[in-house]
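Q: A single structure is presented below for examination.
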Amino acid sequence: MLVRSWNLFHGNTKPPQRRAFLDEMIRLSTIDDPDVVCVQEVPAWALGKFTVGDIAARPVLGPVPIPREVGRILTEPNHGLLRSAFTGQGNAMLIASRLRLLDHTSLQLNARRFRARQARALGLGPVARVAWAKERRIVQAVRLAAADGRTYLVANTHCTSYPADQRLADAELLRAAWFAVSTAKPEDVVVLAGDFNVTALRSRTLHDLVGPEWSFSQPGPGIDHVLVRGAASTPVRRWDDEQRAQGECLLSDHAPVDVEIR
């Protein structure tokens with residue numbers, strides 16, 4: 001079973017261009033027929049292109065919520081400049097038809113009560129507290145059945161980006177891991193994928209997740225990871241830049257990462 005994760009950067013390239021390349025990204029991410037593709041930073045208007053899609057940050061015009069299609073129209077003149085200003089964003093998954101979707105759920109990672117408790121525990125100042133509340137983050141999970149009878153719980157997460165204090169993302173990652181494991185059935189292989197916004201070298205949570213108590217597989221080299229629990233898996237493979245080249249640009253500012261569950 002091949003699981004891929006990719007932050008789509010709202011459909012933009014690196015460096016950004018005026019038009020969106022979301023369709024090209026979808027085609028590239030499925031070119032070798034993976035079983036599950038977990039994606040993050042998907043414009044709200046594009047969530048319907050995927051098997052499952054969940055809103056994280058809703059489209060707004062100033063303080064006013066707007067329909068998804070209006071956000072797309074407002075962004076159309078220059079996707080590279082406007083990015084998610086009007087489109088909002090969410091998490092989504094593409095699931096191969098050979099897998100049967102049994103269940104689908106989601107959880108907000110930085111809900112107000114959770115932030116308040118963690119802010120006190122971590123001793124966060126007002127700047128960090130405001131930054132944490134700025135953008136809603138979620139983890140989504142699907143339960144899947146394969147033809148051989150094996151079942152999988154795949155969770156797709158996008159943690160808060162706050163380079164000044166990565167403990168925010170670390171706290172959300174631990175919450176996402178608890179959500180995935182507690183949602184899974186005892187017989188499920190559990191997969192936790194996404195843009196964690198933390199590296200193995202700086203993350204206490206990743207250190208714990210690969211330990212004997214959690215027993216997840218080893219993380220990847222950057223901030224994008226696919227962790228597996230309950231089955232053997234290959235090391236995380238990060239795509240070379242050449243694989244996502246679009247002329248002189250790269251599709252997204254992130255590279256896809258893959259894991260194959262044996």
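Q: Compare the Cα positions of 206, 96, 37 along the charge dipole of the chain (+1 at Cβ of Lys, Arg; -1 at Cβ of Asp, Glu; about the Cα centre) and return the one farthest towards the positive end.
A: Value computed over the given set: 206.
Q: Still on this model: Mind checking segment 123-161 for trypsin sites (Lys or Arg not before Pro) that DSSP puts in a loop (not H, G, I, E or B) and that have at most 16 other Cβ atoms within 10 Å?
A: Answer by residue number: 150.
Q: A further question on this structure: Report, to one decimal in Å, the Kirkwood hydrodynamic radius for segment 139-238 based on all distinct Cα pairs.
A: Numbers: mean 1/r = 0.0737 Å⁻¹.
Result for segment 139-238 stands at 13.6 Å.
Q: Taking the square root of 5 times each eigenvalue of the Cα gyration tensor, what semi-axes in Å does the equivalent ellipsoid of the chain have, largest first?
A: Each semi-axis is √(5λ); the values are 26, 24, 18 Å.
Q: Contour minus end-to-end for residue 18 and residue 97, with contour as 0.36 nm per residue of separation and end-to-end as the Cα-Cα distance?
A: Here the segment from residue 18 to residue 97 would lengthen by 25.1 nm.
Q: Please compute one quarter of the surface area of the Cα convex hull for segment 30-178 and express it in square nanometres.
A: Projected over every direction and averaged, the Cα hull of segment 30-178 covers 10.7 nm².
Q: Taking a cut-off of 24 Å between Cα atoms, list the lysines near residue 14, but don't count ones fewer than 8 places away on the same chain.
A: Candidates past the 8-residue exclusion: 49.
Q: Continuing with this model, one more query. For segment 1-148, what relative contact order do you get, as a whole percent, if you take Cα pairs closer than 8 Å and at least 6 residues apart?
A: This gives 25 percent for segment 1-148.
Where a number appears in this text, it was derived from the coordinates with a stated rule and is not lab data. What you see is a predicted model; the values in this text were computed from it and never measured. Cβ coordinates were reconstructed from backbone atoms using ideal geometry, including for glycine residues, and neighbour counts include every protein chain displayed.
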